[in-house]
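Engineer: What follows is a structure written as structure tokens; I'll ask about it next.
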Amino acid sequence: METTRITLPKITLIGKCGSSKDGKDFVRDLWTELNKNFSEISYLAKWDESGALKGLWGAMSDESLSFKPWEGGYENGLYLAGVEAVDDAVAPSGWTKWEIPSFEYIKAKVESTETFKELIGYLIANKINLVGSVQNFTNPKTNENFLMFPIRKVEEEKQQKG
């Protein structure tokens, strides 16, 4: 399993949100709803120079929406099936906007259903703390899927006036 470290700025997402309390198929149902109604938010999405979506995110947060890891052995929390959106996006009725803070991540391509478990083992073996919820990123151009493990929160630089 190959990993890389990357730092991402704050990420704005617009999508469909649910909770692990909504039942075992809630993630699949959120993606179905997003795909079915994507035309309602397509104008808010970020697109690259070739006309492709910049990113699709299976974003996760603890229930307080503090972007801390899911609780109960990574079983309980919130999930947003979303598209990377312009920073000043306003979510239309029935949609949810999340702003994931800037983090340094350990990024790994999803190669099997065991990738998450393997990365958790890698963090433990290397004494690296998980400081936020794991995020799932899909590159729409390549359809490659990556897990993003936040290992350090990046503080926004404070602007000084004057």
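Engineer: Let me spell it out: the conditions are (1) touching a residue at least 24 places away in the same chain (Cβ under 8 Å); (2) out of contact with any strand residue (DSSP E or B) (no Cβ under 6 Å at 6 or more places or on another chain); (3) of a type in the set (S, T, N, Q), and Thr7 meets all of them except one. Which number is the exception?
Structural biologist: The one condition Thr7 does not meet is (2).
Engineer: Quick one: Asp29 ticks every box in (1) under 23 Å from Leu123 (Cβ atoms); (2) not in a loop (DSSP other than H, G, I, E, B) bar one, so which box is it?
Structural biologist: (1)
Engineer: Give the residues of segment 36-78 that are part of a loop (DSSP other than H, G, I, E, B), without any contact (Cβ under 8 Å) to a residue 60 or more places away in the chain and over 27 Å from Thr142 (Cβ atoms), sorted by residue number.
Structural biologist: Glu63, Ser64, Leu65, Ser66, Glu75, Gly77
Engineer: Here is a follow-up. Kindly check whether there is at least one residue in segment 143-152 that is part of a loop (DSSP other than H, G, I, E, B) and open to solvent by 10 Å² or more (accessible area, probe 1.4 Å).
Structural biologist: Yes, segment 143-152 has at least one match.
Engineer: What residue, among those in segment 3-45 that are hydrophobic (A, V, I, L, M, F, W, C) and touching a Leu at 6+ places or on another chain (Cβ under 8 Å), is farthest from Arg152 (Cα to Cα)?
Structural biologist: Leu30
Engineer: Restricting to segment 26-44, name every residue that is open to solvent by less than 60 Å² (accessible area, probe 1.4 Å) and out of contact with any Gly (no Cβ under 9 Å at 6 or more places or on another chain).
Structural biologist: Hits for segment 26-44 are Phe38, Ser42, Leu44.
Engineer: For the subset of segment 10-25 comprising residues that are free of Cβ contacts under 8 Å to residues at least 24 places away in the same chain and assigned to a loop (DSSP other than H, G, I, E, B), which member is least open to solvent (accessible area, probe 1.4 Å)?
Structural biologist: This residue is Gly23.
Engineer: Right, here's the next one. Just to check your reading of the model, which residue among Leu119, Leu130 is touching a residue at least 24 places away in the same chain (Cβ under 8 Å), assigned to a helix (DSSP H, G or I) and surrounded by 15 or more Cβ atoms within 10 Å (Cβ to Cβ)?
Structural biologist: Testing whether each residue is touching a residue at least 24 places away in the same chain (Cβ under 8 Å), assigned to a helix (DSSP H, G or I) and surrounded by 15 or more Cβ atoms within 10 Å (Cβ to Cβ) leaves just Leu119.
Engineer: Just give me the residues in segment 57-91 being open to solvent by 30 Å² or more (accessible area, probe 1.4 Å) and within 19 Å of Asp25 (Cβ to Cβ), in sequence order.
Structural biologist: Scanning segment 57-91 gives Met60, Trp70, Gly72, Tyr74, Glu75, Asn76, Leu78.
Engineer: Can I ask one more? Return yes when Lys97 is among the basic types (Lys, Arg), more than 12 Å from Ile14 (Cβ to Cβ) and either at pLDDT 95 or above or surrounded by fewer than 18 Cβ atoms within 10 Å (Cβ to Cβ) (or both) and no when it is not.
Structural biologist: Against the criterion (among the basic types (Lys, Arg), more than 12 Å from Ile14 (Cβ to Cβ) and either at pLDDT 95 or above or surrounded by fewer than 18 Cβ atoms within 10 Å (Cβ to Cβ) (or both)), Lys97 does not qualify.
The values are calculated or read from the model by the stated rules, or taken from the named source; none is laboratory data. These numbers come from a predicted model, not from an experiment. Heads up, the Cβs are rebuilt from the backbone with ideal geometry, glycines too, and the neighbour counts pull from every protein chain shown. Accessible surface areas use protein heavy atoms only, side chains included; no ligands, DNA or RNA. Shrake-Rupley method; radii C 1.70, N 1.55, O 1.52, S 1.80 Å.
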